[in-house]
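**Student:** Pasting a structure here, questions to come.
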Amino acid sequence: MASSQFAIVDVSPEMTTIVGCGVVPAGALPEGAAQLRLHLATAPRLSVRATHGPLPAEEGGRFLTLVVQRSALARLFDWSPRACDDADFHLPHDLATIAERIWQEGRSPEVTHTYRLAKSIELLCELVEAIQRGMLMPFHDGGSLSLGDSRRLLAAKQLIDEEWAQKLTLGEIARRCGLNRTKLARGFREVYHCSISQALVDRRLDEARLQLMSTDLPIGVIGYRSGYLNNAAFTRAFGRRFGIAPSDFRNACAAAA
């Protein structure tokens with residue numbers, strides 16, 4: 001494919017796939033659409049843009065852009081790209097492989113178009129699921145972290161997300177993820193802009209918020225499960241995180257039901 005050319009695949013009235021280099025054609029960016037742009041390079045990455053404006057041109061690369069209506073993303077996946085607007089992620093090998101296959105041309109234009117249409121749907125589903133599950137590593141180009149260490153940090157984040165109720169310590173997380181304590185603490189702050197302990201607190205409070213909404217458990221029990229030995233400490237932490245006391249939050253949820 002010539003570098004100045006684009007192949008445009010109309011997947012559906014709500015989704016278009018653009019295979020090519022440079023600036024995405026303005027006509028392929030309808031208002032209300034988001035862009036998931038895959039950079040197929042030595043270090044493949046995903047750029048998420050919640051708006052329909054053209055992304056800047058980049059030299060020396062191959063790109064695959066999924067242009068999807070935000071309303072379709074909300075309807076199909078209950079997901080808004082605004083949650084990670086302007087974010088860039090390392091693209092895992094399995095997702096980069098799907099993109100590479102879409103880039104390649106088949107035996108005929110008809111075969112190529114049909115294949116790209118089908119694989120585009122698969123790629124969109126896999127990308128959104130990976131984002132929603134927190135499986136993608138924020139992209140750092142030329143930073144202090146190797147890709148291997150970045151993946152270990154992602155494992156640390158997933159450990160916090162999945163085992164938040166356990167008594168996780170910095171040393172335990174470092175041991176299980178294969179990083180020393182210093183590199184884990186420094187790298188985690190560099191990537192996620194918070195400490196390990198703060199990430200644990202936030203995850204536990206997020207779960208507490210969900211339990212206040214969806215269960216009848218006493219507030220004291222929810223606070224204890226979140227690591228707080230008394231209601232006063234839990235109320236202070238919850239208020240700092242969400243700007244409202246746990247009891248007031250539960251009452252507001254009940255009133256809205």
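The values are calculated or read from the model by the stated rules, or taken from the named source; none is laboratory data. No experiment lies behind these values; they were computed from the predicted model shown. Virtual Cβ from ideal backbone geometry, glycine too; neighbours counted across all protein chains shown.
**Student:** What's the number of the only condition in (1) modelled with pLDDT of 90 or more; (2) in a helix (DSSP H, G or I) that residue 216 fails to meet?
**Tutor:** Here residue 216 clears every test but (2).
**Student:** Among what's in the stretch 212-240 and is crowded, with 19+ Cβ neighbours inside 10 Å and within 23 Å of residue 255 (Cα to Cα), pick the residue that is farthest from the chain's Cα centre (by Cα).
**Tutor:** As a first pass, look at the stretch 212-240 and keep what is crowded, with 19+ Cβ neighbours inside 10 Å: 212, 219, 222-223, 226, 228, 234, 237-238.
Still in the list and also within 23 Å of residue 255 (Cα to Cα): 212, 219, 222-223, 234, 238.
Details: 212: 25, 219: 31, 222: 28, 223: 28, 234: 29, 238: 25 Å.
Looking at residues that are crowded, with 19+ Cβ neighbours inside 10 Å and within 23 Å of residue 255 (Cα to Cα), I get 219.
**Student:** Now a separate question. Just wondering, is there one or more residues in the stretch 133-155 that are at pLDDT 90 or above and not basic (Lys, Arg)?
**Tutor:** Just the residues of the stretch 133-155 that are at pLDDT 90 or above, to begin with: none.
Scanning the stretch 133-155 turns up no residue that is at pLDDT 90 or above and not basic (Lys, Arg).
**Student:** Taking the stretch 172-211 as the search range and keeping residues that are within 27 Å of residue 249 (Cα to Cα) and in contact with a Ser or Thr (Cβ under 8 Å, 6 or more places away or on another chain), which one is surrounded by the fewest Cβ atoms within 10 Å (Cβ to Cβ)?
**Tutor:** Out of the qualifying residues, it is 207.
**Student:** Oh, and also: Kindly establish whether residue 187 is within 30 Å of residue 34 (Cβ to Cβ) and not in a helix (DSSP H, G or I). Before the answer, list the steps.
**Tutor:** On the way: within 30 Å of residue 34 (Cβ to Cβ): yes; not in a helix (DSSP H, G or I): no.
In short, no.
**Student:** Please state which one of 57, 99, 72 is at pLDDT below 90 and either under 19 Å from residue 40 (Cα atoms) or in contact with a strand residue (DSSP E or B) (Cβ under 9 Å, 6 or more places away or on another chain) (or both). Please lay out each step first, then the result.
**Tutor:** Numbers: 99 fails: at pLDDT below 90; 72 fails: at pLDDT below 90.
Residue meeting the stated conditions: 57.
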